[in-house]
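Here is the structure we will look at, set down as structure tokens.
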Amino acid sequence: MQSKYKRVLLKISGEALAGDRHFGINDELLMSVAGDIKALRNMGVETAIVVGGGNFWRGRTSEGMDRASADYMGMLATCINALALQDACRRSGIEAKVQTALGIEHVAESYNKDAARRYLEEGKVVIFGGGIGSPFFSTDTASALRAAEMECDVILLAKKVDAVYDSDPEKNPDAKRFSRLTHTQVLEMDLKVMDATAASLCRDYGIRIHVFGLAEKDGILRACSGEEIGTIIE
């Protein structure tokens, strides 16, 4: 299998890492993801990763709590997942570095664009935790921002669902599935594949987005090879 891309930003949702357990980390799934990342590296693909935190905490649904506090808790949850993924990569024989937008120097490096790009060029996997380090912004926005800063060819958006739909397919069996969309359609139709800030940033910088299911067999590799699984947004 050959890659269509030289450098990718893999966005992994926290909910997807939980698998069928819906909370915490499914270790079997985590190691499967690490195996796919190793295969990407063997294909010569420079791989950056942004990971969500919804398997531990979803700040935006925390009623009554100060929004900024809830968002900081969500950022810390992404750091937990980033460290778990780093450990899984290392167990799989991949050199991985975690950089966070929050200052937790005892366990991970602080985000540094030049260092991150150097790690990618050296063949290391770089995992970004802590979102962008500020409340009121999602990990979708962090993905778009890091993809732009790292000059990635595509955002591989690995989610719990297998594509973009016009409504929740788990609640609506008649939900319409899309195979291709433009960034503008995502915004105008309010499709919720990512927040408006992230979608606008991707549109403005011409960043392709490929949405697919994390649990789909070889989904990461198939998306990276250019196979039209899930939904392509460009």
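Here, each number is a calculation from the coordinates, and none is a lab measurement. Only a predicted model underlies this, so the values are computations on that prediction, with no experimental measurement involved. Positions of Cβ are generated from backbone atoms using ideal geometry, with glycine treated the same way; all protein chains shown enter the neighbour counts.
Test of understanding: what is the full-extension gain from D114 to F136, defined as 0.36 nm times their sequence separation minus their Cα-Cα distance?
5.4 nm
Around L157, which amide H atoms from residues at least 5 apart in sequence, or from another chain, sit under 5 Å from its own amide H, with H modelled in the peptide plane?
Amide H to amide H, under 5 Å and 5 or more residues apart or across chains, L157 pairs with K11, H210, V211, F212.
Calculate I(q)/I(0) for the stretch 80-198 by the Debye formula, one identical point scatterer on each C-alpha and no solvent, and give its log10 at q = 0.23 Å⁻¹ to two decimals.
So the normalised log intensities are -1.33.
How many percent of all Cα-Cα pairs in the chain sit more than 29 Å apart?
Above the 29 Å cut-off, the chain has 20 percent of its Cα pairs.
Would you give the gap between the C-alpha center of the stretch 21-35 and the C-alpha center of the stretch 43-103, rounded to a whole Å?
14
Which value in deg cm²/dmol, rounded to the nearest 500, describes the helix-derived mean residue ellipticity at 222 nm for the chain, given -39,500 (n - 2.57) per DSSP H run of n ≥ 4 and division by the residue count?
That comes out to -11500 deg cm²/dmol.
With just the Cα atoms defining each centre, how far is the stretch 170-201 from the stretch 109-159? Give it in Å.
22
Over the chain, how many pairs of lysines fall under 16 Å by alpha carbon, counting only those 8 or more apart in sequence or from different chains?
Taking the chain as the scope, the lysine pair count is 20.
In nm, give the distance between the simple-model label positions of T197 and H106, each being 7 Å from the Cα along the Cα-to-Cβ direction.
2.9
Looking at V50, L17, A88, which one has the Cα that reaches farthest to the positive end of the dipole of the stretch 7-233 (charges on Cβ: Lys, Arg +1; Asp, Glu -1)?
The residue sitting farthest along the positive end of the dipole is A88.
Give the peptides 124-132, 168-176, 71-79, 204-212 in descending order of average Cβ contacts within 10 Å, highest first.
In descending order of packing, they fall as 124-132, 71-79, 204-212, 168-176.
What relative contact order, as a whole-number percentage, does the stretch 47-133 give when Cα pairs under 8 Å and 6 or more residues apart are counted?
For the stretch 47-133, the relative contact order is 38 percent.
Once you put a point 7 Å from the Cα of H22 and another 7 Å from the Cα of Y205, both along the Cβ direction, what distance in nm separates them?
3.6
If I take every Cα pair under 8 Å that is 6 or more residues apart in the stretch 7-233, average their sequence separation and divide by the length, what percent do I get for the relative contact order?
Relative contact order of the stretch 7-233: 22 percent.
Take the Cβ-Cβ distance between K6 and D66 as r, set R0 to 30 Å, and report the resulting FRET efficiency rounded to the nearest 0.05.
0.10
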